[in-house]
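Here is the structure we will look at.
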Amino acid sequence: MNLDFSPEDEAFRDQVRTWLAEHAPTDPRPRNGMAMRQFDMGWLYQLWEAGWSGISWPVEYGGRGLPLAQQLIWHEEYARTGLPDIDSSFVGLNHAGPTLIARATDAQKQYHLPRILRGDVVWCQGFSEPEAGSDLASLRTRGVVDGDELVITGQKIWTSFAEVADWQELLVRTDPEAPKHKGISWVICDMHSPGIEVRPIQTMDGDRHFAEVFYDEVRVPLGNVVGRLNDGWSVAMSTLAFERGTAFTASQVALADGIERLIAVARTHPGPSGRGRAIDDDELGRRLARIRSQAASLRAMTYATISRNARSPLPGPEGSMMKLYYSDLHQEFGRLCMDVLGVDGLALGPDHGSDWTHEYLKGFSTSIGGGTSEIQRNIIGERVLGLPR
Ligand SMILES: Cc1cc2nc3c(=O)[nH]c(=O)nc-3n(C[C@H](O)[C@H](O)[C@H](O)COP(=O)(O)OP(=O)(O)OC[C@H]3O[C@@H](n4cnc5c(N)ncnc54)[C@H](O)[C@@H]3O)c2cc1C
């Protein structure tokens, strides 16, 4: 077993570092709406042209077919630059795209995958409903077969980036008579179809990423079903495996980088007593040291996961361990940002002021999005540790 990056990996790292130093955008990233979309898609197109989009995706769908370790190196070097995540491409690149690679027909892959990589389109996820979150299989949005189309009626909620999306990975109930896990289909839905209404929801950090989505007899070709009709639950499990398993790799790497930047701030920022530096405060110093070591554990877990995933096409339930640990650390990081900054942490203005404050507020959502921490604990208990339900 080789525990080091190979010489090819290190050469790849040098290329990434040099390219990012020369091409990183200097304009600030708009946080909402079409301006954000335009920024994200423009930057993703630039990455695609240079060969950095789809590093580990198959060559036949526009990727480079390189090892997952090199995708990880990309995330590490990207995080080091402090550049913002290309959030609106998260669903497309990290779970809709990988689900299509694993489960879609060749025609579906040929059409959609290159468009995702090039930044032509934004994807969103229509899974959660007002009465179906953790218990996703209770979803009620109906899909009725009519000729060679599905006619979809119902409602989704918490749909990130719906306002700027072109396509959606949508779960609908196509057989209401079947047991609840057996009557669901996974559908590619065109967000510009007649009958779709998107109502944005503003969150406490000032962002407007979420939306409610309403479907009033929306017609989707049956050819857009991924997997078989009524077999969508197994396709959705693939999506969630990617969402919890590999999708957060970039965020995990970026968190470790954020912790180092916070330690640098604590070296100059006044401590809570008003005398001396924050880092010299016993309690803050202890917590900063502890979170730095926890970030090192998270990094070791990330490497182990990447190594495991390189050998199997679908991430396993161990992804829930990463998701849970990452959420806990992200929230402690947010609290530490506020404790180091003191009153300066109140700086969230209309233009979203301090990134540290934004990080703190965003942290509340990390133990909910992609499945709550309680649900991850259930999965770890039952499927990793083999405990009874
Ligand atoms: C940042 C963010 C982004 C999101 N983006 C999307 C998106 O793009 N698309 C989408 O479809 N959804 C999205 N969601 C929704 C998310 O998937 C749901 O919020 C999540 O699955 C929880 O569902 P719920 O909100 O209905 O809470 P509930 O399921 O109603 O849970 C309420 C509470 O009960 C607990 N609970 C429920 N069941 C159990 C159980 N069996 N055992 C123990 N505790 C339990 C939960 O842990 C939670 O604390 C997003 C959420 C967030 C925060």
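Each value in this text was obtained by applying a stated rule to the coordinates, not by laboratory testing. This one's a predicted model, so the numbers in the text were calculated from it and none came from an experiment. Neighbour counts run over all protein chains shown; Cβ positions are idealised from the backbone, glycine included.
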Starting from the Cα-Cα distance between residue 140 and residue 230, subtract it from 0.36 nm times their residue separation and give me the gain in nm to one decimal.
31.0 nm
What does the helix-only formula give at 222 nm for the chain: each DSSP H stretch with n ≥ 4 adding -39500 (n - 2.57), the total divided by the residues, and the result rounded to the nearest 500 deg cm²/dmol?
-14500 deg cm²/dmol
Can you give me the angle between helix 355-366 and the longest principal axis of the chain, using Cα atoms only, in degrees from 0 to 90, rounded to the nearest 10?
40
Taking the Cα centre of the stretch 124-230 as origin, sum charge times position over the Cβ atoms of Lys and Arg (+1) and Asp and Glu (-1), and report the length of that vector in debye to the nearest 20.
300
Picking from 50, 28, 303, whose Cα lies most toward the positive end of the charge dipole for the chain (charges on Cβ: Lys, Arg +1; Asp, Glu -1)?
303
With Cα coordinates, the longest principal axis of the chain makes an angle with the long axis of helix 33-49, in degrees rounded to 10, of 90
For the stretch 248-384, what is the charge dipole size about the Cα centre, in debye to the nearest 20, if Lys and Arg each add +1 at the Cβ and Asp and Glu each add -1 at the Cβ?
460
Between residue 201 and residue 64, take the C-beta separation as r, use R0 = 25 Å, and let me know the FRET efficiency to the nearest 0.05.
0.10
Residue 277-residue 87 pseudo-label distance in nm [points 7 Å out on the Cα-to-Cβ vector]
3.2
Net charge around residue 239, counting only other residues with Cβ within less than 11 Å of its Cβ (Lys, Arg = +1; Asp, Glu = -1)?
0
Förster-model FRET efficiency, 30 Å R0, residue 301 and residue 267, C-beta, rounded to 0.05:
0.60
Would you mind pulling out the separation of the Cα centroids of the stretch 11-70 and the stretch 232-262, in Å?
17
Given 109/323; 182/362; 180/323; 323/362, which pairs have Cα atoms separated by over 24 Å?
109/323; 182/362; 180/323
Once the Cα atoms of helix 7-23 and of the chain are each reduced to a long axis, what angle between those two axes, in degrees from 0 to 90 to the nearest 10, is obtained?
90
